[in-house]
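Colleague: Starting off with a structure, shown below.
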Amino acid sequence: MATQEAPSTGVSFDTDEETNLILSSLDDFIEQEIAPIEDELGETWSNPRKRHEDDGRFVPEVVEAIQEVRKRSADAGFYAMNLPEDVGGEGVSNVTWYRAIKHVASKGPGLSEYVLAGPEGPKPLLAQAEGDQIEEHLLPCVRGEKSTAFAQTEPGVGSDSPNMSTTAEKDGDEWIINGQKQWITNAPYADFVQVFARTSPQEEMGRYGGITCFIVENNEYEVTTLNNAIGMVGMQGEISLDDVRVSDNRVLGTEDGAFYDAMEFLSLGRLEIGGRALGHAEFLIDRGVEYANEREAFGRQIGKFQGVSHKLARGRANAFAADTAGLRLAWLMDNGEQAIEESSIVKYLASNVLFDIADDVVQVHGGNGLAEDNPFMDELQTARVLRIVEGTDEIQLNTIAKELGID
């Protein structure tokens with residue numbers, strides 16, 4: 001896949017030829033490479049009781065299947081295709097990446113969710129790797145051979161992450177890290193984590209300064225418990241770092257400047273959440289329409305009742321508006337804008353649109369929507385999760401208010 005150049009003027013809602021080719025290739029890849037893996041797993045994947053160990057952790061067969069999906073996707077050039085070519089990506093635009101995430105998510109729950117790099121995969125912060133970090137961490141992650149985790153959130157801190165209590169103290173040419181991280185996606189399975197720790201006092205460096213990111217191998221920390229939140233069972237964990245010693249060459253990015261480094265890429269994470277949420281919204285609306293046209297009650301199809309049809313129509317209208325905002329955000333990012341306000345708008349809109357649609361589609365299905373063998377309650381749980389990760393609704397509204405000039 002060739003590098004796609006960002007448009008220099010105007011906004012086009014056409015899906016260009018290269019993006020169309022990527023989306024079509026993704027369809028073929030999922031059908032030919034991913035569906036057979038899911039079929040082979042059978043109930044081990046489809047039945048949550050068989051998918052997880054007693055503590056919530058994925059059973060080994062599922063872990064191996066997810067790893068295989070990532071490797072195959074990387075080999076096909078999809079997994080981290082948004083990263084620059086010089087670090088192993090394909091250099092596709094943010095518009096294309098957004099459309100690809102939404103397209104894959106529109107297929108609903110399944111192993112296809114691991115085809116494109118999520119929190120466990122390489123992100124622009126990891127792309128700042130230098131020296132041995134490139135061969136040992138960045139490139140294996142791009143190739144889907146290793147997975148990582150982004151360890152910033154802490155117990156008792158939550159969204160107020162600059163007030164983290166995890167510290168790293170310099171000792172010669174080493175750092176000693178102590179602290180705990182919580183709700184860390186992929187923590188139970190990561191080969192290494194990117195740990196944020198305070199390395200200089202706030203009084204000296206300010207609220208956002210004095211924070212450094214370290215690469216910490218999975219044999220250097222302990223996953224003390226799994227945070228089995230709804231919609232994320234087996235995927236998140238608590239990390240304990242007890243006098244963990246790492247060398248100076250494990251510093252990722254700028255010493256004392258990790259929070260600023262991360263903020264540069266904040267919009268990308270919110271764009272990805274937006275694409276994922278609106279892809280799931282599309283999947284749900286399609287299922288709702290199918291059911292409304294098939295199910296009969298009181299002598300006619302339930303879609304003939306406005307109480308049903310208006311739910312689906314309203315969801316479609318809201319998803320359309322949020323998708324337009326997502327495309328504009330991606331276009332702004334392709335043109336070099338940080339787009340902080342726009343990214344908060346998209347994250348807030350898309351996750352709330354999905355939540356409303358998921359709730360309405362459960363309602364449209366009535367009792368059938370609550371059945372364990374249907375995906376709707378799982379989708380509702382996923383929707384609830386997406387309103388919290390990458391910044392809660394309240395954080396997004398705070399950011400928008402600040403950009404409006406309301407202190």
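The values are calculated or read from the model by the stated rules, or taken from the named source; none is laboratory data. Because the structure is a prediction, the values reported are computed rather than measured. Cβ atoms come from the backbone with ideal geometry, glycine included; neighbour counts cover every protein chain shown. With ligands, DNA and RNA removed, areas are computed over all heavy atoms of the protein, side chains included. Shrake-Rupley method; radii C 1.70, N 1.55, O 1.52, S 1.80 Å.
Colleague: In sequence order, what are the phi-derived ³J(HN,Hα) couplings for region 307-318 according to the Karplus relation 6.51 cos²θ - 1.76 cosθ + 1.60 with θ = phi - 60°, rounded to whole Hz, with x for glycine and proline?
Modeller: After applying 6.51 cos²θ - 1.76 cosθ + 1.60, I find x, 8, 4, 5, 4, 6, 5, 5, x, 4, 5, 5 Hz.
Colleague: Also, I was wondering about something else. Can you tell me the orientation of helix 94-105 relative to the chain, as the angle in degrees between its alpha-carbon axis and the longest Cα principal axis, to the nearest 10?
Modeller: The angle comes out near 60 degrees.
Colleague: Taking Cα atoms, how many degrees apart are the long axis of helix 340-365 and the longest axis of the chain, rounded to 10 and kept between 0 and 90?
Modeller: In the chain, helix 340-365 runs at an angle near 40 degrees to the longest axis.
Colleague: Which is the longest run of the chain containing none of the GluC sites (Glu not before Pro) found in DSSP loop states (not H, G, I, E, B) with at most 15 other C-beta atoms within 10 Å?
Modeller: 146-336
Colleague: Step through the table entries LYS102/LYS146; LYS102/LYS347; LYS123/LYS146; LYS146/LYS181, compare each Cα-Cα distance with 18 Å, and write down the pairs that go over it.
Modeller: LYS102/LYS146; LYS146/LYS181
Colleague: Now for a different question. Residues with beta-carbon under 13 Å from that of PHE214, excluding PHE214: net charge, scoring Lys, Arg +1 and Asp, Glu -1?
Modeller: Combined, the nearby Lys, Arg, Asp and Glu give -3.
Colleague: What FRET efficiency comes out for the pair ARG314/LEU404, r = Cβ-Cβ distance, R0 = 25 Å, nearest 0.05?
Modeller: Working from the Cβ atoms, E equals 0.40.
Colleague: Which length gain, in nm to one decimal place, applies between GLU61 and ASP286 when the Cα-Cα distance is subtracted from 0.36 nm times their residue separation?
Modeller: That works out to 77.9 nm of additional length.
Colleague: Taking each pair of distinct Cα atoms in region 6-86 once, what is the resulting Kirkwood hydrodynamic radius in Å?
Modeller: Roughly 15.3 Å, rounded to one decimal.
Colleague: I've got another one for you. So if R0 is 41 Å, what FRET efficiency would GLN363 and ASN335 give, r being the distance between their Cβ atoms, rounded to the nearest 0.05?
Modeller: FRET efficiency, GLN363 to ASN335: 0.50.
Colleague: Would you list the P(r) distribution for the chain, with all Cα-Cα distances sorted into 10 Å bins from 0 and each bin expressed as a whole %?
Modeller: 5, 21, 32, 27, 12, 3, 1, 0
Colleague: Given only helices, namely DSSP H runs of n ≥ 4 each adding -39500 (n - 2.57), what is the per-residue ellipticity at 222 nm of the chain, to the nearest 500 deg cm²/dmol?
Modeller: Computed ellipticity for the chain at 222 nm equals -14000 deg cm²/dmol.
Colleague: Using only the Cα atoms of region 196-239, what do you get for the radius of gyration and for Dmax, in Å?
Modeller: That works out to 14.8, 40 Å for Rg and Dmax.
Colleague: Normalized C-alpha radius of gyration of region 293-407, against 2.2 N^0.38 Å? Don't skip to the end; give the middle numbers.
Modeller: Numbers: Rg = 17.5 Å, N = 115, 2.2 N^0.38 = 13.4 Å.
Output field value: 1.31.
Colleague: Calculate the all-directions average of the projected area of region 124-282's alpha-carbon convex hull, and give it in nm².
Modeller: For region 124-282, averaging the hull's shadow over all directions gives 9.8 nm².
Colleague: Between TYR79 and residues 5 or more places away or on another chain, which pairs have amide H atoms under 5 Å apart, with H built 1.01 Å from N, and which residues are they?
Modeller: Counting only residues 5 or more places away or on other chains, the set is ALA74.
Colleague: If you bin every alpha carbon distance in region 217-346 into 10 Å steps from zero, what whole percent lands in each bin?
Modeller: Distribution as computed: 10, 22, 25, 23, 12, 6, 2, 0 percent.
Colleague: How big is region 94-178 along each principal axis, measuring the range of its Cα positions in Å and listing the largest first?
Modeller: Here the spans come out as 50, 35, 23 Å, largest first.
Colleague: How many percent of Cα pairs in region 170-263 exceed 19 Å?
Modeller: Within region 170-263, distances greater than 19 Å cover 44 percent of Cα pairs.
Colleague: Now for a separate question. Using a 1.4 Å probe over the heavy atoms of the protein chains, calculate the carbon and sulfur portion of the accessible area of the chain as a whole percent.
Modeller: Taking all protein chains in place, the chain shows 46 percent carbon and sulfur surface.
Colleague: Over region 199-243, with the other protein chains present, what is the accessible area per residue in square angstrom, probe 1.4 angstrom?
Modeller: Value returned for region 199-243: 45 Å² of accessible area per residue.
Colleague: Given a cut-off of 15 Å, what percent of all Cα-Cα pairs of region 299-352 lie beyond it?
Modeller: Considering region 299-352, 57 percent of its Cα-Cα pairs are separated by more than 15 Å.
Colleague: With springs only between Cα atoms under 10 Å, which of ALA322, ALA151, ALA262 fluctuates most in a Gaussian network model of the chain?
Modeller: So, out of ALA322, ALA151, ALA262, the one fluctuating most is ALA262.
Colleague: Let me have the relative contact order for region 66-160, percent, based on Cα pairs under 8 Å that are six or more residues apart. Could the numbers behind the result be given before it?
Modeller: On the way: 109 pairs, mean separation 32.0, N = 95.
So the answer I get is 34 percent.
Colleague: THR224 versus ILE176, label points 7 Å from Cα toward the beta carbon: distance in nm?
Modeller: Label-label distance for THR224 and ILE176, simple model: 1.9 nm.
Colleague: By how many degrees, 0 to 90 and rounded to 10, does the Cα axis of helix 17-29 deviate from the longest principal axis of the chain?
Modeller: That works out to roughly 80 degrees.
Colleague: Identify all aspartates and glutamates with a Cα-Cα distance to LYS311 below 19 Å; exclude those on the same chain that are fewer than 8 residues away in sequence.
Modeller: Straight-distance partners of LYS311: GLU282, ASP286, GLU290, GLU294, GLU296, ASP323, ASP356, ASP359, ASP360, GLU379.
Colleague: In addition: Determine Rg/Rh for region 147-223; Rg is computed over alpha-carbon atoms and Rh is the Kirkwood hydrodynamic estimate from the same atoms.
Modeller: 0.96
Colleague: In region 236-277, what is the volume of the convex hull around the alpha carbon atoms, normalised per residue and reported in Å³?
Modeller: Dividing the Cα hull volume of region 236-277 by its residue count gives 110 Å³.
Colleague: May I pose another question? Compute the accessible area per residue over region 4-132, keeping the other protein chains in place, probe 1.4 Å, unit Å².
Modeller: For region 4-132, the per-residue accessible area is 48 Å².
Colleague: Right, something else. Considering only the other residues whose Cβ falls under 9 Å of the Cβ of SER165, what net charge follows from Lys and Arg at +1 and Asp and Glu at -1?
Modeller: 0
Colleague: Moving to a separate point now. Quick check: residue separation of ASN163 and LEU397 times 0.36 nm, minus the Cα distance between them. What number comes out in nm?
Modeller: My answer for the length gained is 82.2 nm.
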